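Values in this text are rule-based calculations from the coordinates and carry no lab data. All values reported here derive from a predicted model rather than from experimental measurement. Cβ atoms come from the backbone with ideal geometry, glycine included; neighbour counts cover every protein chain shown.
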Amino acid sequence: MHNTKYVFVTGGVTSSLGKGIIAASLAKLLQERGYSVTIQKLDPYINIDPGTLNPYEHGECYVTDDGAETDLDLGHYERFLNIPTSQANNVTTGRIYQSVIDKERKGEFLGKTVQVIPHITDEIKHRIQLLGETGDYDIIITEIGGTVGDIESLPYVESVRQLLWEKGEENAIVIHLTLVPYLAAAGELKTKPTQHSVKMLMQSGVSPDILVCRTEHEISDEIKHKLALFCNVKKEDVIQSIDAETIYDVPNLMFEEGLDKVVLGKLKLSSEKQPELIAWNNFIQKHKNPTSEVEIGLIGKYVELRDSYKSISEAFIHAGSTNETKVKIRWIHSESLTPKNVEKKLTGLNGILVAPGFGDRGIEGKIKAVKYAREQQIPFFGICLGMQMAVIEFARNVLNLEDAFSTEMKKNCKSPVINLMESQKKITKKGGTMRLGAWDCTLSEGSKTFAAYQTASISERHRHRFEFNNSYLKAIERAGMKATGINPKTGLVEVIEIPDHPWFVGVQYHPEYKSTVLNPHPLFVDFIKAALKQSKG
Ligand code: GLN
């Protein structure tokens with residue numbers, strides 16, 4: 001049997017230290033050394049998945065091919081590793097409890113008291129090992145969400161403790177990510193918070209094998225020695241993770257610090273083959289040395305929290321590198337756009353992207369941005385709700401259907417050019433019931449989208465309930481907007497374009513989820529190319 005090895009990543013001191021990036025960077029290095037690796041994230045909240053969360057809570061909801069609504073860290077995993085993740089890569093406390101309670105109702109624990117230990121921890125252990133049982137992976141990295149010491153994290157830390165014991169030290173290790181803060185007044189880096197968080201972890205019976213220390217300043221040998229001594233690790237197992245210019249530098253920084261080598265040593269795996277990162281470094285080289293610059297307006301209603309649009313902003317970085325262009329994003333709150341200021345707010349942009357979203361807040365602002373892009377011949381990219389707004393704007397201002405709207409915003413509008421999908425009409429529950437995951441689409445030859453993808457058959461990920469209303473298709477096409485991407489099975493319109501415009505594309509799906517460092521998304525690449533052309537007049 002395939003002996004899958006486990007690396008657990010816990011976090012201490014504060015949240016937002018970048019566990020996801022450290023996990024993804026380590027995975028990247030191991031992958032480059034020839035190991036098959038995947039990463040999973042355990043989230044200690046009670047929602048079944050983040051699909052029902054407002055983006056202000058946890059940032060963007062990421063979607064996998066198999067239709068799981070997941071934590072945004074899975075986006076980093078895919079962008080770094082260039083391999084798809086799935087439902088099994090993200091587990092929440094809600095999901096754990098739901099399956100334990102379902103089993104209890106079925107009578108699977110008949111006669112027993114169902115408890116956190118062993119029933120919840122057994123379920124956590126089972127989920128942690130699911131991907132390992134496929135035999136597809138040499139190493140599985142498991143990121144434990146939250147911070148050590150949180151009440152919610154306790155069953156996870158206990159499960160890790162048991163797995164470490166069951167698997168043995170050559171098969172399972174723990175990396176603890178912590179913060180070494182710099183006190184400007186004292187001019188010193190401080191180790192005490194790390195000592196305390198390691199102590200907290202040890203109280204739960206887990207002692208870390210490796211410490212990765214987030215810092216703003218170089219950690220001296222002396223401080224490494226101190227951290228090692230007080231946290232019970234070897235000095236070479238104290239790894240510095242200094243602030244980086246971009247998250248894409250972190251694999252190289254971790255390599256220089258020897259993180260991957262230390263991990264392989266502990267797992268008794270060969271570290272002979274060196275990671276080369278050729279394509280990766282080529283991407284970074286182009287990203288850091290752009291020969292031109294474009295400015296793209298991102299129109300959304302969650303712009304105060306940029307993590308709400310994480311995959312979109314990363315896709316711009318990938319596409320910018322391909323075009324050797326710096327993509328500057330002008331974040332524009334859709335609620336702030338009025339007929340009076342739209343020109344002032346959007347002037348000078350080389351491209352306009354209207355973002356996905358739900359509900360009617362800021363909707364008229366989005367429609368105004370579409371109108372401006374269409375009339376001023378500025379490259380326009382509409383994603384999901386952004387595509388729907390492009391259809392509404394066109395129906396209102398070109399077809400003169402004044403009351404054109406989506407039934408999401410106005411249930412009884414006279415011209416529902418966007419309406420609820422047939423399959424959605426009877427659904428009342430909110431969680432996990434949208435049209436989710438990968439669906440096929442056929443592109444029309446001769447369209448801009450076809451030219452970008454260079455193929456007619458594509459598959460892209462979805463997350464929506466509403467759709468283009470096909471009873472308006474003929475009228476809309478006659479007026480000059482074309483449906484250039486259609487779902488071959490259902491006939492649903494997935495892509496609209498205005499051929500008589502430099503670049504006007506709206507997609508019902510989310511291309512941003514599939515953009516990776518090694519495979520920048522063709523539509524983002526083409527959009528930036530069009531913006532570049534616009535910038536040169
Ligand atoms: N609210 C729209 C729908 O449900 C668009 C969703 C989105 O942008 N992801 O169809």
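Of the residues Leu259, Tyr137, Ser220, the one whose Cα sits farthest towards the positive end of the charge dipole of the chain is Tyr137 (charges of +1 on Lys and Arg Cβ, -1 on Asp and Glu Cβ, taken about the Cα centre). Overall shape: prolate for the chain, with the ratio a/c of the largest to smallest alpha carbon gyration tensor axis at 1.5 or above and a/b above b/c.
Close amide-amide hydrogen proximity is noted between Gly357 and Leu385, Gly386, each under 5 Å apart and 5 or more residues distant or on a separate chain (H modeled in the peptide plane; Pro and chain starts excluded).
Spacing of the modelled spin labels on Asn519 and Asn282, each 7 Å from Cα toward Cβ, amounts to 1.7 nm. The length gained by stretching the chain between Ile83 and Asn289 to full extension, at 0.36 nm per residue less their Cα-Cα distance, is 71.5 nm.
Taking the charge dipole of segment 100-183 about its Cα centre, with +1 at Lys and Arg Cβ atoms and -1 at Asp and Glu Cβ atoms, the residue from Ser153, Tyr182, Val114 reaching farthest to the positive side is Val114.
When the helix-only estimate is applied to the chain (DSSP H runs of n ≥ 4, each -39,500 (n - 2.57), divided by the residue count), what is the mean residue ellipticity at 222 nm, nearest 500 deg cm²/dmol?
-10500 deg cm²/dmol
Charges were assigned to the Cβ only: +1 to each Lys and Arg, -1 to each Asp and Glu. The resulting dipole of the chain about its Cα centre is roughly 1280 debye. Among residues other than Asn232 with Cβ under 11 Å from its Cβ, the summed charge is 0 (Lys and Arg +1, Asp and Glu -1).
For the chain, the longest principal axis of the alpha carbon atoms and the long axis of helix 221-231 meet at an angle near 70°.
Listed by chain and number, the lysines whose alpha-carbon sits under 26 Å from that of Lys411, ignoring those within fewer than 8 places in the same chain, are Lys301, Lys366, Lys368, Lys371, Lys425, Lys426, Lys429, Lys430, Lys474, Lys482. A simple charge model with +1 on the Cβ of Lys and Arg, -1 on the Cβ of Asp and Glu and nothing else charged puts the dipole of segment 374-496 at about 520 debye relative to its Cα centre. Rounded to the nearest Hz, the phi-derived 3J(HN,Hα) couplings of segment 140-151 under the Karplus curve 6.51 cos²θ - 1.76 cosθ + 1.60 (θ = phi - 60°) are 10, 9, 10, 8, 8, x, x, 10, 4, x, 5, 4, where x marks glycine and proline.
Report the paramagnetic label zone for Asn171: residues of segment 1-27 whose backbone N is under 14 Å from a point 7 Å from Cα along the Cα-to-Cβ axis. It comes to 1-7, nothing else. Applying 0.36 nm per residue to the separation of Ser459 and Gln274 and subtracting their alpha-carbon distance, the gain on full extension is 63.2 nm.
Summing +1 for each Lys or Arg and -1 for each Asp or Glu among the other residues whose beta-carbon sits under 13 angstrom from that of Cys413 gives 0. For the chain, DSSP calls about 30 percent of its internal beta bridges antiparallel. Across segment 345-350, computed HN-Hα scalar couplings (Karplus, 6.51 cos²θ - 1.76 cosθ + 1.60, θ = phi - 60°) run 6, 9, 5, x, 6, 9 Hz from first to last residue, x flagging Gly and Pro.
Report the net charge of residues surrounding Ser447, where surrounding means a beta-carbon distance below 9 angstrom and charges are Lys +1, Arg +1, Asp -1, Glu -1.
0
Arranged by the count of other C-beta atoms within 10 angstrom, fewest first, what order do Leu189, Leu277, Leu42 take?
Leu277, Leu189, Leu42
For trypsin sites (Lys or Arg not before Pro), the sites in segment 453-522 that DSSP calls loop and that have at most 13 other Cβ atoms within 10 Å are Lys489. Taking Cα centre as origin and charging only the Cβ of basic (Lys, Arg, +1) and acidic (Asp, Glu, -1) residues, the dipole magnitude of segment 252-297 rounds to 260 debye. For the listed peptides 334-347, 351-364, a ranking on the average number of other beta carbons within 10 Å per residue, highest first, reads 351-364, 334-347. Cross-link partners of Lys41 among lysines, defined as those whose alpha carbon lies under 18 angstrom from its own and excluding same-chain residues fewer than eight positions apart: Lys5, Lys19, Lys28, Lys125, Lys310. Please report how far the C-alpha centroid of segment 12-41 lies from that of segment 318-378, rounded to the nearest whole angstrom. Cα centroid to Cα centroid, the span is 34 Å. When both segment 138-155 and segment 392-453 are represented by their alpha-carbon centers, they are found 39 Å apart. Considering only Leu30, Pro44, Gly18, and ranking their Cα positions along the charge dipole of segment 1-158 that arises from unit charges at the beta-carbon of Lys, Arg, Asp and Glu, the one farthest toward the positive end is Leu30.
Relative to the dominant Cα principal axis of the chain, helix 385-397 is inclined by about 10°. Cβ crowding within 10 Å ranks Lys414, Lys286 as Lys414, Lys286, fewest other Cβ atoms first.
Residues Met254, Met389, Met202, Met409 in ascending order of nearby Cβ atoms (within 10 Å, fewest first): Met202, Met409, Met254, Met389. For segment 69-105, backbone nitrogen atoms closer than 19 Å to the point 7 Å from Ser423 Cα along Cα-to-C-beta are found at 69-70, 87.
For segment 501-510, the Karplus equation 6.51 cos²θ - 1.76 cosθ + 1.60, evaluated at θ = phi - 60°, returns couplings of 7, x, 6, 10, 10, x, 10, 6, 9, 10 Hz by residue, with Gly and Pro reported as x. Estimated from the Cβ-Cβ distance and a Förster radius of 51 angstrom, the FRET efficiency linking Met202 and Glu324 is about 0.55. In summary, the lysines within cross-link reach of Lys112, defined as a Cα separation below 19 angstrom excluding same-chain residues under 8 places away, comprise Lys103. Of the GluC sites (Glu not before Pro) found in segment 175-234, the ones in coil according to DSSP and having at most 10 other Cβ atoms within 10 Å of their Cβ are Glu218. Label-to-label distance for Ala244 and Gln98 is 3.3 nm, based on points extended 7 Å past Cα in the beta-carbon direction. Lysine pair count for segment 152-265 (Cα-Cα distance under 25 Å; residues 8 or more apart in sequence or on different chains): 25.
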